[in-house]
Each structure stands twice: as structure tokens, then as C-alpha cells.
Amino acid sequence: MKSTLINLVLALCFIIGLVLIFINPIQNYLVAKTIASVENEQVEVSFDFEEVQSLTIWDVLKAQVSPKNLSVIGRIHIPSVDMTLPILKGVGESSLVAGAGTMKPTQQMGTGNYALASHYIEGKSILFGPLHHLQEDDAIFVTDLDYMYEYKTTLLEVIEATNIQVIADVANKTLLTLITCSDKGTKRLLVQAEFVEKTLATP
């Protein structure tokens with residue numbers, strides 16, 4: 001009886017160990033699969049960034065089950081860190097697990113301060129993880145599939161999570177603002193870039 005109990009505990013520890021070892025690769029695979037499957041649908045979205053929680057495997061699984069409840073409005077591409085993501089309307093849970101979400105309901109590419117947010121899985125180059133390797137002067141491109149908007153990175157800074165005024169429009173400036181988690185979710189990484197030019201999007 002005692003040896004059976006010991007074997008059961010050892011088997012349970014082994015299973016838990018396997019889950020802990022493979023949880024990140026599984027999560028990364030599911031996030032990437034969700035990103036690849038998003039579709040352009042008009043749905044109700046949330047812009048309440050204060051409700052955004054840290055990403056968990058359950059969020060990824062939930063998004064995998066219903067990836068169509070998303071409103072894709074464009075793409076963001078940063079060549080220097082090999083990052084390409086769909087841009088989705090709003091910062092609801094399903095949007096942020098699949099790409100970059102718009103932080104203001106009336107913002108438009110190439111005008112004002114176009115603000116996007118997404119998750120960062122610590123140590124992984126997925127979602128907005130690559131932003132942690134970005135450097136000043138790196139080019140950032142966003143597109144609505146009709147036009148391409150090029151920006152140049154001018155600011156990388158870790159800010160307080162409560163500092164939401166960074167997404168406000170700035171007089172006489174056309175900006176792109178990217179926000180993701182930093183310091184285990186206690187702070188935010190702020191990336192700002194200045195508008196360079198607008199060109200026709202290539203197919």
C-alpha cells in the first residue's frame with residue numbers, strides 16, 4: 001500500500017513536471033496559431049485597458065476555441081525585430097491574445113497618436129515580446145491594407161502602469177505608441193515613434 005502511494009505521488013510529480021516544462025512552448029504555439037487564424041469581422045469590442053490582465057494559458061485556449069470573435073483592421077510590421085501582427089479593434093482579452101489592439105475608439109493610422117497594446121510573454125518573442133529588443137531609429141510599419149504608414153522609433157522607456165496619458169494626442173505631432181508589460185507586469189514598456197511617410201500598400 002505504501003509503495004503504491006509513493007508510486008502514485010512520483011507519477012503525479014512527473015506529470016506536473018512535464019506540464020511545467022512544456023507549458024510555454026504549448027502556449028506560444030497556440031498564440032501563434034490564433035494569430036494566423038484571425039478574420040476580419042465587425043464585433044463589439046472593449047477599449048478599457050484597465051481591465052486587461054496578464055496572459056495565461058487559459059486565455060490562449062479560450063481564444064483558440066473562438067478565434068473568429070475579432071475585428072482585424074490592419075497589420076503592424078517591425079523588420080528589425082522580425083515582428084508581424086494583425087491589428088485588432090479594441091483591447092479586449094481575445095484581441096490582445098491574437099495581435100495588437102487599438103487603445104482609442106476613434107484613432108486613425110497616420111494621424112494624432114495611434115496607440116496599440118498587446119501582451120508580453122516574458123522571455124519569448126511572441127506578440128509584443130520583440131519590442132523589448134527594439135532600438136531607437138528602428139522603422140515600424142502599420143497598414144490598413146490600402147496604405148502603408150512608416151514611423152521611426154524615437155523613445156523606449158519603462159513607465160508606471162497607471163501612466164495612461166502617453167496615449168493622448170500631442171499637438172503638432174503624428175505618433176505611433178506601443179504599450180506592453182514590463183517588470184513581470186508591474187510596469188509598462190512604452191515605445192513611441194514619429195511619422196515618416198504614407199505610401200500605397202503593396203499587395
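The values are calculated or read from the model by the stated rules, or taken from the named source; none is laboratory data. Bear in mind the structure is a predicted one, so any value in this text is a computation, not a measurement. Heads up, the Cβs are rebuilt from the backbone with ideal geometry, glycines too, and the neighbour counts pull from every protein chain shown. Surface areas here come from the heavy atoms of the whole protein model, side chains and all, with no ligands, DNA or RNA. Shrake-Rupley method; radii C 1.70, N 1.55, O 1.52, S 1.80 Å.
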Checked against (1) of a type outside the set (Val, Ile, Thr); (2) touching a residue at least 60 places away in the same chain (Cβ under 8 Å); (3) out of contact with any Ser or Thr (no Cβ under 6 Å at 6 or more places or on another chain), LEU156 satisfies every condition except (2)
Restricting attention to segment 121-148, the residues that are in contact with a helix residue (DSSP H, G or I) (Cβ under 8 Å, 6 or more places away or on another chain), of a type in the set (D, E, K, R) and open to solvent by less than 60 Å² (accessible area, probe 1.4 Å) number exactly 1
Looking only at segment 149-165, how many residues end up being surrounded by 13 or more Cβ atoms within 10 Å (Cβ to Cβ), out of contact with any Leu (no Cβ under 7 Å at 6 or more places or on another chain) and at pLDDT below 95?
3
When segment 171-203 is checked residue by residue, the ones that are among the β-branched types (Val, Ile, Thr), open to solvent by 80 Å² or more (accessible area, probe 1.4 Å) and more than 21 Å from the chain's Cα centre (by Cα) are THR202
Count of residues meeting criterion [assigned to a strand (DSSP E or B) and among the hydrophobic types (A, V, I, L, M, F, W, C)] in segment 158-203
14
